[in-house]
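This report concerns only the one structure given below.
The values are calculated or read from the model by the stated rules, or taken from the named source; none is laboratory data. All figures in this text were calculated on a predicted structure; none of them were measured in a lab. Don't worry about glycine lacking a Cβ; one is built from the backbone with ideal geometry, like all the others, and counts go over all protein chains shown.
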Amino acid sequence: MPYFPNSDNKTAAIQLNNISLTRGKQAVLKQLTLEIPAGQWVALAGCNGSGKSSLARLINGLLQAEQGEIVIHGKRLHSEHFFDIRSQIGYLFASPDDQFFGLTVRDDIAFGLENLALARELIEQRIEHYAQLLGLIPLLDRHPATLSGGQKQRAALAAVLAMEPSILILDEATSMLDSSFRDDFLTLLTQLNREQQLTIITISHDIKELAAADRLIMLHDGTVLADGKPDVLLKRQHLLNTCRLEAPYALQLCRELKLHGIDIGESLDEQEVLSKLWALLSSKSLTATRSSR
Ligand SMILES: Nc1ncnc2c1ncn2[C@@H]1O[C@H](COP(=O)(O)OP(=O)(O)OP(=O)(O)O)[C@@H](O)[C@H]1O
């Protein structure tokens, strides 16, 4: 069975055509037009209230725009296909507490699969596979309420991934994970994206998470402020300022070194910065570089 039976790489996974959304009395999204190809990993950034979660909820059908059209894998979301389309979109919130239905982690992963009417044997295989992938085997028979915040988030993610969606939306979903699990989690997302062509949207204020995506869309006041490669946009200080993001550590280091007369260019990659510094030190040109200024 193909991993994502309803996706292909020729049709865009998500198209937003001229979307406007008002919440309360506020215009939250303003005539937004975007296309996300199947298999792309998009990070959404923006300061608080810029419209990121509203956009994610629109794509997942939890909200409906008053203007414009959303098309998922070539089909209009708000159509007779609504429930079929929604079943292909996995959505994980920042707070996992609202996402549990079962009395154990195992029941919880099984819940969505039973709704898909999958054979018992396949359900058991998926529980085993995704519990293994997310380090949940020892926790499978625990009540979700007894888990720590990070464990709950991993359990919620396992339940979402077990449904094998073609689009995965993570709305600040890694905020409760400790740094080691966050790194593992980014590695897992990279693997799912590269190997299974899973289309991913991650909403985050974390620079490492933003930098890991193929594409970064920065929202401001309900419009697209910037759309491009993370390693290009994350070097632009005015964009970082508008989105209230701290410059990546490697970039801060490069800029600090430049102030002290050591110009190794700009990079977001700590390893690359260290290698360049090491090369400079090894060639003994560091002293020369400094004294010549
Ligand atoms: N239920 C609601 N009723 C009225 N206004 C709302 C509602 N939910 C969100 N808003 C408003 O919509 C705007 C966009 O909110 P949204 O949650 O999409 O922003 P965000 O970029 O995800 O912010 P954050 O980084 O804080 O999560 C905000 O001004 C918010 O106050």
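Odds and ends about this structure:
- Taking region 32-54 as the range and being touching a residue at least 60 places away in the same chain (Cβ under 8 Å), under 17 Å from residue 222 (Cβ atoms) and in a strand (DSSP E or B) as the test, the residues that pass are 32, 34, 44, 45.
- In region 171-180, of all residues being within 16 Å of the ligand (Cβ to nearest atom) and at negative phi, the one that is modelled with the lowest pLDDT corresponds to 176.
- Residues of region 143-158 that are without any contact (Cβ under 8 Å) to a residue 40 or more places away in the chain, more than 15 Å from the chain's Cα centre (by Cα) and in a helix (DSSP H, G or I): 146, 150, 151.
- Only residues that are in a strand (DSSP E or B) and either at pLDDT below 95 or more than 16 Å from the ligand (Cβ to nearest atom) (or both) were counted across region 196-222, and they come to 3.
- Residue list for region 55-101, restricted to those being within 13 Å of the ligand (Cβ to nearest atom), surrounded by 17 or more Cβ atoms within 10 Å (Cβ to Cβ) and under 15 Å from the mean Cα position of the chain (by Cα): 55, 56, 57, 59, 60, 93
- Per this entry, residue 132 is counted among residues that are free of Cβ contacts under 8 Å to residues at least 24 places away in the same chain, within 24 Å of the chain's Cα centre (by Cα) and over 19 Å from residue 206 (Cβ atoms).
- With respect to being in contact with a helix residue (DSSP H, G or I) (Cβ under 7 Å, 6 or more places away or on another chain) and not assigned by TED's automatic domain parsing to the domain that holds residue 45, residue 213 falls outside the description.
- Number of the exception - residue 51 against (1) in contact with a helix residue (DSSP H, G or I) (Cβ under 8 Å, 6 or more places away or on another chain); (2) closer than 20 Å to residue 173 by Cα: (1)
- In the set (1) under 27 Å from residue 13 (Cβ atoms); (2) crowded, with 20+ Cβ neighbours inside 10 Å, residue 151 fails one condition alone, (1).
- Taken residue by residue, region 181-191 has no member that is more than 16 Å from the ligand (Cβ to nearest atom), within 16 Å of the chain's Cα centre (by Cα), not assigned by TED's automatic domain parsing to the domain that holds residue 109 and not in a helix (DSSP H, G or I).
- The set of residues in region 30-48 that are within 16 Å of the ligand (Cβ to nearest atom) and either hydroxyl-bearing (Ser, Thr, Tyr) or touching a Lys or Arg at 6+ places or on another chain (Cβ under 9 Å) (or both) comprises 42, 43, 44, 45, 46, 47, 48.
- Taking (1) at pLDDT 95 or above; (2) exposed (fewer than 15 other Cβ atoms within 10 Å of the Cβ) in turn, residue 43 satisfies each apart from (2).
- Residue count, region 226-254 (criterion: surrounded by fewer than 17 Cβ atoms within 10 Å (Cβ to Cβ), assigned to a helix (DSSP H, G or I) and either of a type in the set (S, T, N, Q) or at positive phi (or both)): 3
- Pairs where the first residue, in region 70-85, is under 19 Å from residue 198 (Cα atoms) and the second is at pLDDT below 90 and surrounded by 12 or more Cβ atoms within 10 Å (Cβ to Cβ), C-beta under 7 Å, 6+ apart: 73/6; 73/7; 73/11; 74/11; 75/81
- Within region 159-170, at least one residue is within 15 Å of the ligand (Cβ to nearest atom) and either within 25 Å of residue 18 (Cβ to Cβ) or touching a residue at least 12 places away in the same chain (Cβ under 8 Å) (or both).
- Scanning region 259-282 for residues that are surrounded by fewer than 16 Cβ atoms within 10 Å (Cβ to Cβ) and of a type in the set (A, V, I, L, M, F, W, C) yields a count of 5.
- Restricting 131, 117, 110 to residues that are farther than 21 Å from residue 94 by Cα, out of contact with any Phe, Trp or Tyr (no Cβ under 9 Å at 6 or more places or on another chain) and not in a loop (DSSP other than H, G, I, E, B) narrows the list to 110.
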